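*Asks:* Below is the structure I would like to discuss, written out as structure tokens.
Please treat every number below as a calculation from the coordinates, not as lab data. From a predicted model like this one, the values you see are computed outputs, not experimental measurements. Note: ideal-geometry Cβ built from the backbone for every residue, glycine included; neighbour counts use all protein chains shown.
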There are 2 protein chains.
Amino acid sequence: MTKSYRIDNLQYANWSEKIFREMRAGGVDAVHVTIAYHETFREMVLQVERWNEYFLRYGDLICHARTGDDVRAARAAGKTAIIFGYQNPSPIEDDLGLVEICHTLGARFMQLTYNNQSFLATGCYEAEDTGITRMGKQVIAEMNRVGLVIDMSHSAERSTLEAIEQSSRPIAITHANPHWWHAALRNKSDEVIKALTQSGGMIGFSLYPHHLAGATDCTLESFCEMIAEAASRYGVKLLGIGSDLCQDQPDSVVTWMRNGRWTREMDYGEGSASDAGFPPQPSWFEGNLHFDNIENGLKATGMSDEDVAGVMGENWLRFYDKNFGPETT
Amino acid sequence: MTKSYRIDNLQYANWSEKIFREMRAGGVDAVHVTIAYHETFREMVLQVERWNEYFLRYGDLICHARTGDDVRAARAAGKTAIIFGYQNPSPIEDDLGLVEICHTLGARFMQLTYNNQSFLATGCYEAEDTGITRMGKQVIAEMNRVGLVIDMSHSAERSTLEAIEQSSRPIAITHANPHWWHAALRNKSDEVIKALTQSGGMIGFSLYPHHLAGATDCTLESFCEMIAEAASRYGVKLLGIGSDLCQDQPDSVVTWMRNGRWTREMDYGEGSASDAGFPPQPSWFEGNLHFDNIENGLKATGMSDEDVAGVMGENWLRFYDKNFGPETT
């Protein structure tokens, strides 16, 4: 039997040959990598340039992917496919025309907000959520047209529900967990996940400790039982992994992610003054070598092999086929 | 018999639905359009955005092409294929990584200089020609790697000969004529055209009056006899058309082409204070409706139908197949 695809739909590591080798050793066929948090268009292009360097230097381990078929070709060549995404719309600045340009440069997921209000929608840390803005409606239509997937992982509830409603194509929450499992601000309500999946959208379950019940001490069993419960509530075919793995990053990076250039006061995001850095990962998921643990943990819940394969990557691959690029009829 | 391809490998018109309809009516299958003279990277991206708008609005007339096969697909769909190029390396600024980014955004030709010294080489209006610079060598290698064709139409003699020598792949002079036919500064020496074609490079013959013997009064016969003579000197297979047509442009545009933002004194380029604007086209080539005149004029010189078809577009199409994109083995 052909091994099924293994896909992690969100990582932001301190990229290195070591990590790329771990992707190969861990059998990871594709990774959606964040290339922008607060970057302007030109700064995002510098990140693409940096990845082009990686693709040259580590061309035996990784390659760039723009489609589901690129992921298949990468696996056939023994490489991990890298898909670009933004956790903020900062790279499109205030220019609708940059949506297609960003897609041409490889972007396949873009959050309408990070934690704050953007030109497009409201982030999950704002006091008031005013939903999708005037420009937000235009950008949603343009993202639908070119096939750049709307990601609402960091957005507030009303904005997320409105994005699901207004988008003519399925959207994604690439990295978050259900609020009913762990009541974190970043985790998503039952209502949101229902609306998301009922419209064909996908959620990627996060392994970032602030999103886990019990944080670093969360057990593999608890994480996998949560997924099994989600499968029974929402159906298994629109569930995947988006680990939010920030491997080997110094704490200065989480400070950048949270503060960008928008504040002089320190924002601690999901952390706190006494716990400001990256939290330690659970011992059963420290990186790309540990996907077997999740696969085995899901099987231990009684899920079928086919359903487990779906969550581990097949569902994302099918989603890529349908949602990357202009709609095919 | 299948009609052969008709390609104009250089235009910089004041684009409009009227011109796109003339391309269709004139049977023009592909046009290489200039999208940068002095533009920075971000300004060039604005030009791509503008073209993306045209592709949406006039999608029944034109489409974007990145390969020879895109040109074939455009013709099959009854459209004119549009290929992007720069007449200056200003869009790569001083960042080698932007070469690949520009290629991803569609650039297929880039001049190493316009009329002045650039970071890369010497333009044809400088007093001293110091050849290919340190960065120029790096950019040539990178353009060779990604398949972005080096264009030396506006470069000085030594720089051009060195670019031909240093490039591992054929280069192009997209729009110029032989100096032996009309001794203009922008026209090319016999030595340059020999070195160009002996290395597989192509020249596109220009219909810009300053490049024509007799200028606006140049006859169709003289132009076509020049091409027939070039075919006998250099072989016919590396000759094409690069009309340099600047249809419907106001004279402010030629002022921008010549002066950019680099001078406070007025530079008249090939013109003069008393003849500062765009010169009038010869009556037999005023635009995209007039390619039949050239085709008939070439046949009248005694050239074979096959050779005429080569000059009118088949040669450029073969060149695109070999030189757009990474080298295939």
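*Asks:* Which of B:322, B:18 comes first, and how do the rest follow, when ranked by fewest Cβ neighbours within 10 Å?
*Replies:* In order of increasing Cβ crowding within 10 Å: B:18, B:322.
*Asks:* If Lys and Arg each add +1 and Asp and Glu each add -1, what is the summed charge of the other residues whose beta carbon sits under 12 Å from the beta carbon of residue B:117?
*Replies:* Within the 12 Å Cβ shell, the charges total -3.
*Asks:* While we're looking at this one, here's another question. For chain A, modelled as a Gaussian network with Cα springs under 10 Å, which listed residue fluctuates most, A:307, A:275, A:29?
*Replies:* Highest fluctuation of the listed residues: A:275.
*Asks:* Can you tell me what share of the DSSP beta bridges in chain B is antiparallel? A percent to the nearest 5 is fine.
*Replies:* 5 percent
*Asks:* With the cut-off at 1.5 for a/c, could you classify the stretch B:53-105 from its C-alpha gyration tensor as rounded, prolate or oblate?
*Replies:* Taking the square roots of the gyration eigenvalues as a ≥ b ≥ c, the stretch B:53-105 is prolate.
*Asks:* Follow-up. Per residue of chain A, what 222 nm ellipticity follows from adding -39500 (n - 2.57) for every DSSP H run with n ≥ 4, rounded to the nearest 500?
*Replies:* Value at 222 nm, helices only: -11000 deg cm²/dmol.
*Asks:* From the Cα gyration tensor of the stretch B:218-329, with a ≥ b ≥ c the square roots of its eigenvalues, which class applies: rounded if a/c is under 1.5, or else prolate if a/b is larger than b/c, or else oblate?
*Replies:* Oblate.
*Asks:* For each of B:24, B:233, A:134, count neighbouring Cβ atoms within 10 Å of the residue's Cβ, then give the residues from fewest to most.
*Replies:* Result, fewest neighbours first: A:134, B:233, B:24.
*Asks:* How far apart are the residue B:166 label points across copies, placing each 7 Å from Cα toward Cβ, in nm, shortest first?
*Replies:* With the label placed 7 Å along Cα→Cβ, residue B:166 yields 5.1 nm.
*Asks:* Can you work out ³J(HN,Hα) from phi for every residue in the stretch B:170-178, in order, using Karplus 6.51 cos²θ - 1.76 cosθ + 1.60 and θ = phi - 60°, giving whole Hz and x for Gly and Pro?
*Replies:* Rounded to whole hertz, the list is x, 10, 9, 10, 6, 8, 5, 10, x.
*Asks:* Could you work out the relative contact order of the stretch B:39-185? I mean the mean sequence separation of Cα pairs under 8 Å and 6+ apart, divided by the number of residues, in percent.
*Replies:* In percent, rounded to a whole number, it is 17.
*Asks:* Another one. If you build a Gaussian network model of chain B, linking Cα atoms that sit under 10 Å apart, which residue out of B:315, B:288, B:14 swings the most?
*Replies:* Ranking B:315, B:288, B:14 by mean-square fluctuation puts B:14 first.
*Asks:* Starting from the Cα gyration tensor of the stretch B:7-323, take the square roots of the eigenvalues, sort them a ≥ b ≥ c, and report rounded, prolate or oblate (rounded when a/c is under 1.5, otherwise prolate if a/b is larger than b/c, else oblate).
*Replies:* Cα axes put the stretch B:7-323 in the rounded bin.
*Asks:* While we're looking at this one, here's another question. So which residue, out of A:201, A:302, A:313, gets the largest mean-square fluctuation from a GNM of chain A using Cα contacts under 10 Å as springs?
*Replies:* So, out of A:201, A:302, A:313, the one fluctuating most is A:302.
*Asks:* Could you list the chymotrypsin sites (Phe, Trp or Tyr not before Pro) in the stretch B:11-57 that lie in coil according to DSSP, counting only those with at most 11 other Cβ atoms within 10 Å of their Cβ?
*Replies:* Passing both the DSSP loop test and the Cβ count: no residue.
*Asks:* Please find the FRET efficiency linking residue B:328 to residue B:299, where r is the Cβ-Cβ separation and R0 is fixed at 30 Å, and quote it to the nearest 0.05.
*Replies:* 0.30
*Asks:* Under a Cβ-Cβ cut-off of 14 Å, what is the net charge of the residues other than residue A:182 that fall near it, where Lys and Arg count +1 and Asp and Glu count -1?
*Replies:* Around residue A:182, the surrounding residues sum to -4.
*Asks:* Can you give me the C-alpha center-to-center distance between the stretch A:261-329 and the stretch A:119-194, rounded to a whole angstrom?
*Replies:* The stretch A:261-329 and the stretch A:119-194 have Cα centres separated by 17 Å.
*Asks:* Distances in nm, one decimal, shortest first, from residue A:248 to the same residue in every other copy, taking the label point 7 angstrom along Cα→Cβ.
*Replies:* 5.5
*Asks:* Excluding residue A:234 itself, what net charge comes from residues whose Cβ is under 10 Å from its Cβ, given Lys and Arg +1 and Asp and Glu -1?
*Replies:* +1
*Asks:* Moving on to the next point. What is the fewest-to-most order of A:253, A:308 by other Cβ atoms lying within 10 Å of their Cβ?
*Replies:* A:253, A:308
*Asks:* Which of B:79/B:237; A:79/A:299; B:188/B:237; A:3/A:188; B:3/B:79 have a Cα-Cα distance over 22 Å?
*Replies:* Over 22 Å Cα-Cα: B:79/B:237; A:79/A:299; A:3/A:188.
*Asks:* Ok, one more. I need the inter-copy label distances for residue A:93: point set 7 Å along Cα to C-beta, values in nm with one decimal, smallest first.
*Replies:* The projected label point of residue A:93 is separated from its counterparts by 1.1 nm.
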